[in-house]
Structure formats: structure tokens, C-alpha cells
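Accompanying notes for the structure given below.
The values are calculated or read from the model by the stated rules, or taken from the named source; none is laboratory data. Everything quoted here is computed from the prediction, not taken from an experiment. All Cβ positions, glycine included, derive from the backbone under ideal geometry; neighbour counts span all protein chains shown.
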Amino acid sequence: MDISRRDFLKLSGASAGSFFVYKALAAGDVSACSAKAFPLEAKVAETTTMCAYCAGGCGAIVSTYADGIIKVEGDPDHPINRGSLCSKAQALAQLHQVDGEINPWRLTKPLYRRAGGDEWEEKTWDEAINDIAAKIKATRDANWISTEPGTAYTVNRTEAIASLGGAALDNEECYVLAKMLRALGLVYIEHQARI
Ligand code: SF4
């Protein structure tokens, strides 16, 4: 790449500017920066976590100030990604906040919409899990196939329930889930990441 003397001076100026912003931040002089200022004496916490977007299970370090996320970076000590993150993980902060505000759409409780209803009701996890378990049992009992129709072959299955897994499930979770679903007699078991 050809760089003229003028380009070189421009680049040098930009680099020096970046350096001074960095030095100003390091010295706690946030007034020198036009970006959103965080007083450095305030506590910026770093927490290790896992990316939730796919089964890769990459490790991340999330820096938080007050109740907001100010940075997400790959965890260099994590054995899977060793500091790298894909572009999807750059949006991890949006699980918590949108445009710097707490994400108003984030669900923290199960929501239930009755058949034919047009409103969502909040449920506790106990209520939701008990409801789901009762529906699985009733559907399974009502649609149990012990033997292949027209034969004496034992099959012990139900075709009335299907499971669609998500890409955020890791290998171990998929293994346990598949075991449980097979034990329930399901044959329609699919995973969203393959579709
Ligand atoms: S979405 Fe990207 S960063 Fe997140 S676990 Fe998957 S590969 Fe890793």
C-alpha cells in the first residue's frame, strides 16, 4: 500500500489521538474523551460467562458498570475459544440491554396464553413445569402404541409428541434430553441447528 507523506501524518495524528484517549482514561481524566465516560474510581466488574447463542459454548468476559454491560470479550483462558468470539457473540449484551437501557422485552418468568386467548398470563416455574408434565402424561397415555399396528412387534412409542431442541443446547444437554425423550417413547426428535 502506498502511503503519501500527508497520509502518514494523518495516520500518526490518529494514532497519537488514540494513545492520548487511552492515557487520559488510564489517568482517570475522562473529560478528555468524547465517548461515554465512566469514572474509573467506580467499580467495573468482570465476570466470566458462556455465550448462549450456540452449542459451541465459548467463554466470555463481561465487564459491567452499575447495572449495565460496557464490554463483552472472549475469555483467553477458556479452553474452547481461547479468547476469540464469533460475530454473533458481539450481540451478547443485548440479552440484558438495548441501546444502553435494560432490555424491556427480556422474559424472566414463563408466560402462558390459554387456547383461544389473546393475553399472556404470568406463571411460576413450578406451575409451568407441572402443567407441561401433566400434558405430556395425558397425551402419552392417550396415544400410546405398544405394538406395531397389525403385528405383534413390541414398539412402545408415542407419535403424538415431538421435541424440537435449540442450538444453545450443548452436547451433554442434548445427550441427557435425548435419553429422557426416548425413555418417554418419543420418535420425533429434532434439533433446530440441523434444519
Ligand atoms: S455463537 Fe459464536 S461465540 Fe457464541 S458459542 Fe457459538 S461460536 Fe461461540
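Some observations on this one:
- Taking region 92-126 as the range and being in a helix (DSSP H, G or I) and in contact (Cβ under 8 Å) with a residue 24 or more places away in the chain as the test, the residues that pass are L92, A93, L95.
- Restricting G100, G83, G150, G117 to residues that are at positive phi, loosely packed, with under 10 Cβ neighbours inside 10 Å and not acidic (D, E) narrows the list to G150.
- Failed criterion for E172 (all others in (1) assigned to a loop (DSSP other than H, G, I, E, B); (2) under 22 Å from A52 (Cα atoms); (3) not aliphatic (A, V, I, L, M) hold): (1)
- Scan of region 132-149 for residues that are touching a residue at least 40 places away in the same chain (Cβ under 8 Å) and part of a helix (DSSP H, G or I), ordered by number: I136, R140
- All positions within region 56-72 that are closer than 15 Å to Q97 by Cβ and not in a loop (DSSP other than H, G, I, E, B): V62, S63, T64, Y65, G68, I69, I70, K71, V72
- Condition check for I129: away from the ligand (no atom under 16 Å from the Cβ), in a helix (DSSP H, G or I) and within 22 Å of the chain's Cα centre (by Cα): yes
- Only listed residue being of a type in the set (G, A, S), more than 30 Å from D131 (Cα to Cα) and over 16 Å from the mean Cα position of the chain (by Cα), chosen from G74, G68: G68
- Any chance A89 is surrounded by 15 or more Cβ atoms within 10 Å (Cβ to Cβ) and near the ligand (Cβ under 7 Å from one of its atoms): yes
- Failed item in (1) over 30 Å from A66 (Cα atoms); (2) in the same structural domain as S63 (by TED's automatic domain parsing), with E127 passing the rest: (2)
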